[in-house]
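Everything below concerns the one structure shown next.
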Amino acid sequence: MATRRSTTAAPQDGQTAPALTPVRGVERVVGFDPGLNVTGYGVIECRGGSVKLVEAGTVKSRGETLEDRLHSIHAGVREVLDALKPTAMAIEQVFSHAKFPKTAILLGHARGVICLAGVQAGLAVHHYLPNRVKGTLTGSGHAGKEQVQAAVQRELGLADRPRPADAADALAVALADWHLRLRPLLFGTGLVRIRSSRA
């Protein structure tokens, strides 16, 4: 079984998360930053023109074999989905580097079981490239982790930068879904801060 740890949560974290019905102006999005060892998750609630943090944390895999670790990731993700009741899922796509093809393959396995968990929970799954997420929040598709953390802190009005980086990246994915998919549906406009043509 994977270990799920909440590292960033809204003040009402101790309460049971209510089930939400997707309606115009209200949606709860869970973002995932896939990893074979540590998978970040972040849940935001989008209500009208406002966005607030619900919870963020990590799912750590366990097991000696690839199959065991994938099974534990799937179980941990299902636990997150069952507890926090999102209405949609956003996940970062795998960035394949020519020098590290094995890493991309392993990340693809982890990403696959996360997507499977989402479909099993009846969620629509939305996919975003890493540079698209970074560009949406910071204006640069090549922003560093500290820039992404600062952007997430600003967007959600947090007192501190979200940590660890896996949870912050997952929140960034969820926020990208809000800006790129939900805001245009609600208001007919996308994010106006995008400045980088490379994002």
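The values are calculated or read from the model by the stated rules, or taken from the named source; none is laboratory data. This is a predicted model, so every value here is computed, not measured. Using ideal geometry, Cβ is built from the backbone for each residue, glycine included, and neighbour counts are taken over all protein chains shown.
I need the full set of residues from the stretch 40-99 which are of a type in the set (Val, Ile, Thr) and under 14 Å from Leu175 (Cβ atoms), in order please. Quick ask: steps written out before the conclusion?
Taking the stretch 40-99 as the starting set, the residues that turn out to be of a type in the set (Val, Ile, Thr) are 43-44, 51, 54, 58-59, 65, 73, 77, 80, 87, 91, 94.
Within the stretch 40-99, Val43, Ile44, Val51, Val54, Ile91 qualify.
Could you go through the stretch 90-106 and let me know if any residue there is farther than 16 Å from Ala167 by Cα, touching a strand residue (DSSP E or B) at 6+ places or on another chain (Cβ under 9 Å) and at pLDDT 95 or above. No: zero hits.
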